[in-house]
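A quick write-up on the structure given underneath.
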Amino acid sequence: MSAPQDISLETVDAFPLPELRGAVDKSARGQVLVLGGGGVVPGAALLTGLAALRVGAGKLQLAATAATAAPLGVAVPEAAILTVSATPDGELAPQAATDLSPRLKSADAVVVGPGMMDAETAGQLALGLMAAETTAAFVLDAAAMTGVDYGDPRVKRLAGRLVITPHAGEMATLIGVGRDAVEEDPLGMARRAASAASAVVVMKGAETFIVSPDGRAWRHQDGVVGLATSGSGDVLAGIIGGLLARGASPLVASVWGVCIHGGAGARLAHTVGPLGFLARELLDEIPRVLAAAARSPVRP
């Protein structure tokens, strides 16, 4: 298998983003549906959804339980808030997939899992969404990612439309090995997962690897230690989801997503400090990094 190719903000334009031409309205920039958060980490959906908007998606819908819908709507006035079924402990319930079935038909990208805590419940929710009538691309993160059986036909039907975003601990769960084995060979494990899931894998770490289902791989080494903070992965999932909604392929969205996320962290490491910046602060940096990296993201 060939060695991974290095990627950075200086070279990412080798993966062209879809151009936005003429009088582009918000629908043409794509619609993102985010299912995340819940009773324990309700703010994860906020981070993910705003990241999708910051990278250029046109419309945002956030699924929320009755307990979190109003606070989330006030915190993110740009989003449509969709109240869905909840489990007794306040998490998004598998029934939410049925609740949202009409909305899935118009979604361009669906992000499932940020901030969700129960893998079994989140996995059932993700599979229910995958079974719906939709052409959307999917990003699976956190508990939704580790709770899914990748041999399930509902996952297989998403071949070419799926991104998963594990860190080392999550990859160990996915592959069924110890975390030490993942840390010794993150690229090899990412290739195994990409093949098994027919998905683009974003293997997060000090070095982040992006792997396509056919085993091709890219490596990003420009991350900063400050990105290892609560909520950072939620932002990355949202960036990728927003780019998918704009029409980027799973590979292109993942490559750009990793580079933009790393670039936003680098800017904050310079202006705030190498440690101590917050995931929410990444959001304001996203458009600046995107504008600097993209040669001409919007055409007249």
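Give the value in nm², to one decimal: projected area of the alpha carbon convex hull of region 86-181, averaged over all directions.
Projected over every direction and averaged, the Cα hull of region 86-181 covers 6.2 nm².
Please give the charge dipole size of region 27-294, origin at the Cα centre, charges +1 on K and R Cβ atoms and -1 on D and E Cβ atoms. Round to the nearest 20 debye. If you can, show how the numbers build up before the last one.
Working: 19 positive and 23 negative charges, 175 e Å.
Charge dipole of region 27-294: 840 debye, to the nearest 20.
What nm distance separates the two modelled labels at V177 and A206, each placed 7 Å from Cα along Cα→Cβ?
Label at V177, label at A206, 1.9 nm between them.
Can you tell me the dipole magnitude for region 1-139 around its Cα centre, using point charges on the Cβ only (Lys, Arg +1; Asp, Glu -1), in Debye to the nearest 20? Don't skip to the end; give the middle numbers.
Numbers: 7 positive and 13 negative charges, 90 e Å.
Value, rounded to 20: 440 debye.
First select every other residue whose beta carbon is under 14 angstrom from the beta carbon of T135; then total the charges, Lys and Arg +1, Asp and Glu -1.
That sum, taken over residues with Cβ under 14 Å, equals +2.
Taking 0.36 nm per residue of separation and subtracting the Cα-Cα distance, what length does fully extending H270 through D6 add?
Values: separation 264, 0.36 × 264 = 95.04 nm, distance 2.29 nm.
Length gained between H270 and D6: 92.8 nm.
Can you pull the three principal axis extents for the Cα set of region 27-294, in Å, largest first?
If we take the Cα atoms of region 27-294, the spans are 41, 40, 35 Å.
How many Å³ per residue does the convex hull of the Cα positions in region 143-300 occupy?
116 Å³
Using 0.36 nm per residue, how much length does the chain from E78 to A292 gain when fully extended, once their Cα-Cα distance is taken away?
Answer, rounded to one decimal: 74.6 nm.
Read-outs: derived from the displayed coordinates by stated rules, not from any lab. As the structure is a prediction and not an experimental result, all values here were calculated from the model. In this analysis, Cβ positions are derived from the backbone assuming ideal geometry, glycine residues included, and neighbour counts consider all displayed protein chains.
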